[in-house]
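A.B. asks: Have a look at this one before I ask anything.
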Amino acid sequence: ETGVTQTPRHLVMGMTNKKSLKCEQHLGHNAMYWYKQSAKKPLELMFVYNFKEQTENNSVPSRFSPECPNSSHLFLHLHTLQPEDSALYLCASSQGATGGRGTDTQYFGPGTRLTVL
Amino acid sequence: AQKVTQAQTEISVVEKEDVTLDCVYETRDTTYYLFWYKQPPSGELVFLIRRNSFDEQNEISGRYSWNFQKSTSSFNFTITASQVVDSAVYFCALRMDSSYKLIFGSGTRLLVRP
């Protein structure tokens, strides 16, 4: 596997279900991200992890819960979602930095298409 | 506040035509980075280019070229001799030096017809 992979690619869930999205990067990066892409809004950053520490939470509802056990893996745990949460969820990774952000470039996975019924 | 505007929602051209995708950004920071990404129907965002705010040199990569002008806060993308495989949604994005957050424009859907 190369680059950034995401599983599953498609997910349909009811509002009472609990599911998790998985992201894995094979680029040796230290920072990982979750983005949401819905039909009516531009791409929105949800969470950022840098060296396994969460550094940004973009006012995301608590029904979305991220987990970053190591620099290569990132999860997004979902529970009691709403139909308006239906979207493409994209994971990204970048080199990350301990100081300034510098010329950091984010590389994206193929996304998980989520439908909430 | 930072913002990226892609005023062209959709562009349709015939193969071999040249096409320019516009991007206008807003920021008061002096150090920032601009990006272009391509999103084909498969959904994955493919990185195309990164530009630093202190480097206004235009760049050419094959059929792709980018024109960065700080005076007009624009970072336009031109595809020369377009091909059907160029059909995709193209996103312009901005990032401050102080943050990891990418601020995306709303995207321009490019359709290249045979």
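A.B. asks: Under a crude label model (7 Å from the Cα following the beta-carbon direction), how far is B:Ser42 from A:Lys18 in nanometres?
C.D. replies: 3.4
A.B. asks: Suppose the chain between B:Glu17 and B:Glu59 were pulled fully straight at 0.36 nm per residue; how much longer would it get relative to their current alpha carbon spacing?
C.D. replies: 13.1 nm
A.B. asks: Need one number: nm distance between label points at B:Asn52 and A:Asn58, each 7 Å from Cα along Cα→Cβ, rounded to one decimal.
C.D. replies: Computed distance between label sites B:Asn52 and A:Asn58 equals 2.5 nm.
A.B. asks: When every alpha-carbon pair in chain A is counted, what percent end up more than 24 Å apart?
C.D. replies: Of the Cα pairs, 20 percent sit more than 24 Å apart.
A.B. asks: Ok, one more. If you wrap a convex hull around the Cα atoms of the stretch B:1-87, how much volume per residue is inside, in Å³?
C.D. replies: It is 107 Å³ per residue.
A.B. asks: For the protein assembly as shown, give the magnitude of the charge dipole about the Cα centre (Cβ charges: +1 Lys/Arg, -1 Asp/Glu; no others), in debye to the nearest 20.
C.D. replies: That gives a dipole near 500 debye.
A.B. asks: How about the stretch B:1-97: which trypsin sites (Lys or Arg not before Pro) there lie in a loop by DSSP and see at most 13 other Cβ atoms within 10 Å?
C.D. replies: Loop-located and lightly packed - B:Lys16, B:Arg28, B:Arg63.
A.B. asks: If you build the convex hull over the alpha carbons only and average its shadow over all orientations, what do you get for the protein assembly as shown? Give it in nm² to one decimal.
C.D. replies: 12.8
A.B. asks: Take every DSSP beta bridge whose two residues both sit in chain A, then give the antiparallel share in percent to the nearest 5.
C.D. replies: Within chain A, antiparallel bridges account for around 90 percent of the total.
A.B. asks: I want to verify the translational diffusion coefficient of the stretch A:1-50 in µm²/s; compute it with Stokes-Einstein, Rh as the Kirkwood radius over Cα pairs, at 25 °C and 0.890 mPa s.
C.D. replies: In µm²/s, the coefficient rounds to 189.
A.B. asks: Alpha carbons only, please: Rg and Dmax for the stretch A:26-92, in angstrom.
C.D. replies: Every Cα atom of the stretch A:26-92 included, Rg and Dmax give 12.0, 35 Å.
A.B. asks: Just counting partner chain Cβ atoms within 10 Å, what average do the residues of peptide B:48-54 show around their Cβ?
C.D. replies: Going residue by residue through B:48-54 and averaging, the value is 1.
A.B. asks: Right, another one. Dipole of the stretch A:22-117, Cα-centred, from +1 at each Lys and Arg C-beta and -1 at each Asp and Glu C-beta, to the nearest 20 debye?
C.D. replies: It comes to approximately 180 debye.
A.B. asks: Here's something else I'd like to know. Using a Förster distance of 35 Å, how high is the FRET efficiency between B:Lys70 and A:Ser38, based on the Cβ-Cβ distance and rounded to 0.05?
C.D. replies: 0.65
Every read-out reported here was derived from the displayed coordinates using simple, explicitly stated rules and does not represent laboratory data. The structure presented is a predicted model; accordingly, all values stated were derived computationally and were not measured. Backbone-built Cβ (ideal geometry, glycine too); neighbour counts: all protein chains shown.
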